[in-house]
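K.L.:
Pasting a structure here, questions to come.
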Amino acid sequence: METIEITKPFNGHVHFRNGQMMKDVVPYTAQHYFGGVCMGNLPGDEVIDTIEKNLAYKGAILEIAPSFKAIVPLMVTQNLLANRKTIFPAAKKLGIRVYKFLPGGLSTNGSPGLSLYDFYTPAFREFFELLIENDCVFSCHFEVEFDTNGKKIDPRYQEEQAILFLQYLLRNFPKLKIMVEHASSWQMIHFIRNLPRKYRIGVTLAIHHASITFPMVINWRGKFVDSRLYCKPIAKYPKDREAVIEAMFSGDPRFFLGTDSAPHLLEAKIRKEKPAAGIFSDPISLQKYAELFDAHGKRKYFENFASIFGPEFYGLDPSKEKITLVKEAEKNPKLIAGIPVFLGGGETAWRVKN
Ligand code: DOR
Ligand code: ZN
């Protein structure tokens, strides 16, 4: 039987939520990934934007998965920006070096009142200087919801429009270490692939952006075909999917695995009014990446993409453990604890050996 053995992978982008859902989902990630960047866009007051919340959140993850190497970013909110001068030194002492920005209104529980346009404000500019001084990572969801006239931008074009803001950062803060989360458009990917290597940039690529396209999610009338496949950035077109896949196989260390596994209960995913954005993929994500690399004859690029480049970007040693995948078809679970699983009910050509 055909097998692939690689260093245990690292998930550069994952959502665990809190409470019972967290207990339900963390084991699926920890089983296949030795560590990961765990996003703290929790609802309302619970968003992880203080040191206290950050430590408590990391503690809660470790209680469920003690050996999981959890990187928990501080979320950039108005509160965090206002307290930046005190938060930075305290965070540094505790080894917290990643700051994540999810603009408000774009997706699930972003920072209310803030968008990429705020990059131009003195508070953000000072914040970027502090990031550079403290050698921290700025992890950002690069999408812009409104144009300069306040008109809503079609979700399909929100990422390519955000390239202007990335250019602004590179021009004004060339030393800033930037994580471009879940790149999904050919424009963003081509822009980054053509950047000089002197810029300190990392990009995570999600398996759903290498698998699905816009018409599978929304039809030509603008109605959902399958809201379980709805996520932000939204899946785009074959040309975009090809760019994602090619970047995965490029051997370029700037591109690495980050699933953006983002659980929501079935009722939130299929409700008529504004279904929740996010795809819960971690029960099958590693198997799907393996399937993709194998199907294209690109197995030799798999381990660096999945297990080496991500830890390198975050200054971690890769795992000392190995994981083995076996080429044997397995059915994808439909629902886990009430949460629809990506491609649930379908099949994956590879499974993880127990
Ligand atoms: O689809 C998404 N879901 N995109 C995000 O940026 C957030 C995530 C979530 O937390 O559900
Ligand atoms: Zn995310």
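The values are calculated or read from the model by the stated rules, or taken from the named source; none is laboratory data. Computed from a predicted model, the values in this text were never measured in an experiment. Reconstructed Cβ throughout: ideal geometry from the backbone, glycine too, with neighbour counts over all protein chains shown. Quick note on the areas: whole protein, heavy atoms, side chains included, nothing else; ligands and nucleic acids left out. Shrake-Rupley method; radii C 1.70, N 1.55, O 1.52, S 1.80 Å.
K.L.:
Give me the accessible area of TYR168, 1.4 Å probe, in Å² rounded to the nearest 10.
P.N.:
My reading of the accessible area for TYR168 is about 20 Å².
K.L.:
Which pairs, out of LYS100/LYS239; LYS272/LYS298; LYS274/LYS298, put more than 31 Å between their alpha-carbon atoms? Spell out each step's value before the answer.
P.N.:
Numbers: LYS100/LYS239 28 Å; LYS272/LYS298 40 Å; LYS274/LYS298 38 Å.
Pairs exceeding the cut-off: LYS272/LYS298; LYS274/LYS298.
K.L.:
State the extension gain, in nm to one decimal, for the chain segment bounded by HIS190 and LYS23, taking 0.36 nm per residue of separation less the distance between their alpha-carbons. Let's see the in-between values first.
P.N.:
Working: separation 167, 0.36 × 167 = 60.12 nm, distance 3.82 nm.
Full-extension gain reported as 56.3 nm.
K.L.:
With point charges of +1 on the Cβ of Lys and Arg and -1 on the Cβ of Asp and Glu, referenced to the Cα centre of segment 3-352, which listed residue (GLN167, ILE153, LEU80) lies farthest in the positive direction of the dipole?
P.N.:
Of GLN167, ILE153, LEU80, it is GLN167.
K.L.:
Probe radius 1.4 Å, ligands and nucleic acids left out: which of TRP350, TRP186 has the largest accessible area, and how do the rest follow?
P.N.:
Details: TRP350 0, TRP186 80 Å².
Ranked list, largest accessible area first: TRP186, TRP350.
K.L.:
Then there is this: Please report the spacing between the Cα centers of segment 186-235 and segment 80-147 in Å, no decimals.
P.N.:
What the calculation gives is 22 Å, centre to centre.
K.L.:
Starting from the Cα gyration tensor of segment 3-352, take the square roots of the eigenvalues, sort them a ≥ b ≥ c, and report rounded, prolate or oblate (rounded when a/c is under 1.5, otherwise prolate if a/b is larger than b/c, else oblate). Could the numbers behind the result be given before it?
P.N.:
Details: a/c = 1.31, a/b = 1.20, b/c = 1.09.
It comes out rounded by the Cα gyration axes.
K.L.:
Toward the positive end of the charge dipole of segment 3-352, about the Cα centre and with charges on Cβ (Lys, Arg +1; Asp, Glu -1), which of PHE214, TYR28, SER111 goes farthest?
P.N.:
Result: PHE214, furthest along the dipole toward the positive end.
K.L.:
For the modelled label position 7 Å from the Cα of ALA295 along Cα-to-Cβ, which residues of segment 326-349 have backbone nitrogen atoms closer than 19 Å?
P.N.:
Flagged as within label range: 326-334, 341-349.
K.L.:
Moving on. Name the residue, out of GLU52, GLU242, GLU328, whose mean-square fluctuation peaks in a Gaussian network model built on the chain with Cα pairs under 10 Å.
P.N.:
GLU52
K.L.:
Moving to a separate point now. So how do LYS272, LYS353 rank on accessible area, 1.4 Å probe, biggest first, that is with the largest at the start? Can you show the working numbers first?
P.N.:
Numbers: LYS272 190, LYS353 115 Å².
Sorted by accessible area, descending: LYS272, LYS353.
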